[in-house]
Amino acid sequence: MGPVVLQADGLAIGYAKRVVRHSLSFGLRSGSLVCLLGANGVGKSTLLRTLCAVQPALEGNVRLMGRELTDYSVRELSHLVGVVLTDKTFAGGLTVRELVALGRQPHTGFWGRLHRHDEQIVDEMLLRTGIARKQHCHVAELSDGERQKAMIAKTLVQEVPLIVLDEPTAFLDVVSRIEVMTLLRTLAHEQHKAILLSTHDVEQALLTADELWMMSEDGMVGGNTSDLLERHGMDGLFARQGVVFDYEHLRYTKRL
């Protein structure tokens, strides 16, 4: 893994009248795929939104590329952070290719004119996300899973050092989940990107993630995936919901 891209210290996340989690400290390095795990409602989406400056931190600080996150302009952030959140996308009138090409805007300027290099990058990410055959369809015609692939492709064409994704495989079938997770791991390793995503797909996270960050009501712990497995670090993630981790088959099962 490479240098630290994103660093948080003493971070508190939440909203004006409610702190969701506090005292969070961690670092995200280039060349790594990190999966954020946790039950619904523990604050995974809130954390991701805070880290990509969609909402402000309540306490502590976040540094991106060694600089305070709050010091960046929106334009500067568009060259550094790609984001796929669960917010609904209202782009039904665009074709898939037009939507994906919008991700090149930080590089093409106000008029958004694509040159040959830009078109090649769009072509590549349409292919790599498995959505190229739908590129001339309107976004409104897509299934939820196809729309998710298009949004991932749009983020990838930004060519940024940090990518943050909230449940990127939530609507995908098994094969597509494997393809997307494998693609993100490849991009992290080959293009030295720092990629952070939340997911409920524990099995795919264990197979592809370099690190796991596990968030619960008690806080957040994380580390190298193989190290966590060796020291039985998965035990407490869903303990309050009556499930246990089966280390032989690498999956959670209901406590008997």
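One residue stands out in the range 1-56 among those that are part of a strand (DSSP E or B) and hydroxyl-bearing (Ser, Thr, Tyr): the one that is farthest from Val74 (Cα to Cα), namely Ser23. Among the conditions (1) modelled with pLDDT of 95 or more; (2) touching a strand residue (DSSP E or B) at 6+ places or on another chain (Cβ under 9 Å); (3) outside any loop (DSSP other than H, G, I, E, B); (4) farther than 21 Å from His200 by Cα, the only one that Gly103 does not satisfy is (1). Among the residues of the range 45-74, those identified as among the hydroxyl-bearing types (Ser, Thr, Tyr) and surrounded by fewer than 16 Cβ atoms within 10 Å (Cβ to Cβ) are Thr70, Ser73.
Pairing residues of the range 216-232 that are at positive phi and exposed (fewer than 15 other Cβ atoms within 10 Å of the Cβ) with residues that are part of a strand (DSSP E or B) and acidic (Asp, Glu), at Cβ distances under 7 Å and at least 6 apart in sequence or on separate chains, gives Gly223/Glu211. Taking each residue of the range 48-71 that is closer than 10 Å to Leu6 by Cα and looking for partners that are small (Gly, Ala, Ser) and part of a strand (DSSP E or B) with beta-carbon atoms closer than 7 Å, six or more apart or interchain, yields Val62/Ala8.
The rows are residues; the columns are (1) out of contact with any Phe, Trp or Tyr (no Cβ under 7 Å at 6 or more places or on another chain); (2) among the aliphatic types (A, V, I, L, M); (3) over 20 Å from Gly103 (Cα atoms).
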residue: Leu165; (1), (2), (3): yes, yes, no
residue: Leu184; (1), (2), (3): yes, yes, no
residue: Lys193; (1), (2), (3): yes, no, no
residue: Ser198; (1), (2), (3): yes, no, yes
residue: Ala209; (1), (2), (3): yes, yes, yes
residue: Leu212; (1), (2), (3): yes, yes, yes
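The values are calculated or read from the model by the stated rules, or taken from the named source; none is laboratory data. Note that the structure is predicted; figures quoted are calculated from it, not measured. Neighbour counts run over all protein chains shown; Cβ positions are idealised from the backbone, glycine included.
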